[in-house]
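Report on the structure given below.
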Amino acid sequence: MPASSEVSHGDEPRLLYVEDEPDIAEIVMEMLAGHYRVEHAPSGEKALSVALARRFDVMVVDRRLPGMSGADFVRAIRTAHLATPLLMLTALGTVEDRVSGLDIGADDYLVKPFDFAELLARLRALRRGTRAVGERREIGDWLFTPRAQALYSPADRRIALTLTENELLELLTSSPEHVFSREEIIAAVFPDGGSPATVDTYVHYIRRKSTTEIIETVRFRGYRSGDPR
């Protein structure tokens, strides 16, 4: 099957599949057809070009590729702030290999040989997680990636967020025009107990890490996503 060929049509989610072995690629693409619109790339270099040019809902990447390895591809797309969920396939099954794959930015890891039903289930789980948190959100000239739990400044500086900070910013950016009262924020982010002072404290934490304008204070009403330009 030719490189970068697409399988299936219609409204199926788009999947980028990176595999250099043509026989293996043909079998897997045939299995995925009917579930995904699959675009195949036979190398990490080709995959990176395609990934930066088009939007995908999920990616499946073989770790051992000629030239740019699967690990290098993952590093490259995460450096480019692409938060597309990604599953890495590999014949390397040690704990160290799985941990290193996750640490470089893969969201899941499946060891060959694998059962196709398990692959589909893992892809469904990855996509559910993406729908739940969103992939990337612009806040003025800043970039917020909920899946990566991070903010990126206009100068491309990465700012790690705590889980609570991430949930608070995710809530505010889910509806940028809406002013969230402190009570709404407590109910969504601090369901086990919080106070208006707690909300104010976490807003301060996020501003201190980034910029004051990242969250706008609306006097007597609450907070909303800012526009730090």
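For the reader, a short list of remarks on this structure follows.
- Flag if ARG219 is out of contact with any Asp or Glu (no Cβ under 9 Å at 6 or more places or on another chain) and over 30 Å from VAL99 (Cα atoms): yes
- Each residue in region 45-95 was checked for being basic (Lys, Arg) and touching a helix residue (DSSP H, G or I) at 6+ places or on another chain (Cβ under 6 Å), and 1 pass.
- Filtering region 14-34 to residues that are within 17 Å of ASP115 (Cβ to Cβ), surrounded by fewer than 16 Cβ atoms within 10 Å (Cβ to Cβ) and under 24 Å from the mean Cα position of the chain (by Cα) leaves nothing.
- Search result, residues across region 100-118 that are assigned to a helix (DSSP H, G or I) and at pLDDT 70 or above: LEU102, ASP103, PHE116, ALA117, GLU118
- Residues that are among the charged types (D, E, K, R), more than 22 Å from ILE104 (Cβ to Cβ) and in contact with a strand residue (DSSP E or B) (Cβ under 6 Å, 6 or more places away or on another chain) within region 136-194 comprise ARG137, ARG182, listed in sequence order.
- Those residues of region 15-38 which are in contact with a Leu (Cβ under 6 Å, 6 or more places away or on another chain) and within 19 Å of ARG124 (Cβ to Cβ), in sequence order: TYR36, VAL38
- Check on ARG75, touching a strand residue (DSSP E or B) at 6+ places or on another chain (Cβ under 6 Å), more than 22 Å from ASP115 (Cβ to Cβ) and at pLDDT 85 or above: no
- Some residue of region 4-13 being under 23 Å from the mean Cα position of the chain (by Cα), surrounded by 16 or more Cβ atoms within 10 Å (Cβ to Cβ) and either modelled with pLDDT under 90 or aromatic (Phe, Trp, Tyr) (or both): yes
- In region 73-94, residue surrounded by the fewest Cβ atoms within 10 Å (Cβ to Cβ) [restricted to those that are among the hydroxyl-bearing types (Ser, Thr, Tyr) and touching a residue at least 24 places away in the same chain (Cβ under 8 Å)]: THR90
- Scope region 78-99; condition at pLDDT below 85 and touching an Asp or Glu at 6+ places or on another chain (Cβ under 6 Å); matching residues: ALA83
- Residue within region 141-158 that is of a type outside the set (Phe, Trp, Tyr), in contact with a Lys or Arg (Cβ under 7 Å, 6 or more places away or on another chain) and at pLDDT 90 or above present: no
- Selection over region 49-72 of residues that are among the acidic types (Asp, Glu) and either modelled with pLDDT of 90 or more or surrounded by fewer than 19 Cβ atoms within 10 Å (Cβ to Cβ) (or both) gives a count of 2.
The values are calculated or read from the model by the stated rules, or taken from the named source; none is laboratory data. All values derive from a computational prediction rather than experimental measurement. All Cβ positions, even for glycine, are placed from backbone atoms using ideal geometry, and neighbour counts span all protein chains on display.
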